[in-house]
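K.L.:
Structure provided below as C-alpha cells; questions to follow.
The values are calculated or read from the model by the stated rules, or taken from the named source; none is laboratory data. Here the structure is a predicted model, which is why all the values come from computation and not from measurement. Every residue, glycine as well, gets a Cβ built from its backbone with ideal geometry; the counts of neighbours run over all protein chains shown. Ligands, DNA and RNA are stripped out before the accessible areas are found, and what is left, the full protein with its side chains, is counted by its heavy atoms. Shrake-Rupley method; radii C 1.70, N 1.55, O 1.52, S 1.80 Å.
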Amino acid sequence: METAYIKSPLGITEIIGDENGIAVISVLDSEKEITTGIPVALKEAVSELQDYFQGKRNDFTFKLNPKGTEFQQKVWQELLNIPFGKTMSYLELSKKLGDVKAIRAVASANGKNPLWIVVPCHRVIGTDGSLTGYAGGLWRKKWLLEHENPSSQQSLF
C-alpha cells in the first residue's frame, strides 16, 4: 500500500491505496509533511480530490477498495447513492437498506467509513435535520455540506 498526504481546506488528507484501488481517505488533525512525489496508484485520487475542493468536481471515478464487514460494505455502497448536494437521514438510510430497526448498526457502519468524502457519510443527518455524529468533527461536516450546496444568499452576520 502506498500513502500520500495532501493539503485540503479541512486539514491534511491521507490517501492510502494501491493498484487495486483506494482503501483509505481520511483527514488528520495533526500535521504531516505534504507528499511531493505522488505514487502512480494514488495520482487519480489526489487529482479528483483537489478538483472537488476547488469546486470543479462532484463525483469520483477512481477505483475504491475499502476494507470492512459485509454489512459495512452494504451501507457504504448505499451511501454512494446519495446525490451530491443532497442529504438523507439515518432512518431513511436504514429503510433503504431494508431494516428500519438497524438504524444504530447503520450509524455505526457510517462512522467506520474509511473513504472520507468519496463515500459521502457526511450527507447523512439526523431525522430532524441536525448534523449528528461525524468522525471528522461536526465543523467539517457542516463545511462539506455547505461546499456541496452553497447558499445563494450571503450571511448578513
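K.L.:
Give the stretch 64-73 a look and list any residue that's over 24 Å from Gly85 (Cβ atoms) and not polar (S, T, N, Q), or say none.
P.N.:
Scanning the stretch 64-73 gives Lys67, Gly68, Glu70, Phe71.
K.L.:
So which residues in the stretch 12-25 are in contact (Cβ under 8 Å) with a residue 40 or more places away in the chain, open to solvent by less than 30 Å² (accessible area, probe 1.4 Å) and in contact with a Ser or Thr (Cβ under 9 Å, 6 or more places away or on another chain), if there are any at all?
P.N.:
Correct list: Thr13, Gly17, Ile25.
K.L.:
May I pose another question? Looking only at the stretch 107-117, decide whether some residue is without any contact (Cβ under 8 Å) to a residue 40 or more places away in the chain and touching a Cys at 6+ places or on another chain (Cβ under 9 Å).
P.N.:
The answer is yes, given that some residue of the stretch 107-117 is without any contact (Cβ under 8 Å) to a residue 40 or more places away in the chain and touching a Cys at 6+ places or on another chain (Cβ under 9 Å).
K.L.:
Can you pull out the residues in the stretch 119-152 that are open to solvent by less than 10 Å² (accessible area, probe 1.4 Å), of a type outside the set (D, E, K, R) and under 10 Å from the mean Cα position of the chain (by Cα)?
P.N.:
Within the stretch 119-152, Val119, Pro120, His122, Leu144 meet the criteria.
K.L.:
Examine the stretch 32-40 for a residue that is at pLDDT below 95 and closer than 24 Å to Leu138 by Cα, and state whether such a residue exists.
P.N.:
Scanning the stretch 32-40 turns up at least one residue that is at pLDDT below 95 and closer than 24 Å to Leu138 by Cα.
K.L.:
Additional query: Starting from residues that are within 15 Å of the chain's Cα centre (by Cα) and free of Cβ contacts under 8 Å to residues at least 24 places away in the same chain, keep the ones in the stretch 54-82 and report whichever is least open to solvent (accessible area, probe 1.4 Å).
P.N.:
The extreme case among them is Glu78.
K.L.:
From the list Glu14, Glu19, pick out the single residue that is at pLDDT 95 or above and farther than 28 Å from Glu146 by Cα.
P.N.:
Only one candidate qualifies: Glu19.
K.L.:
Take the residues in the stretch 1-11 that are out of contact with any Pro (no Cβ under 9 Å at 6 or more places or on another chain) and part of a strand (DSSP E or B), then tell me which one is least open to solvent (accessible area, probe 1.4 Å).
P.N.:
My answer is Ile6.
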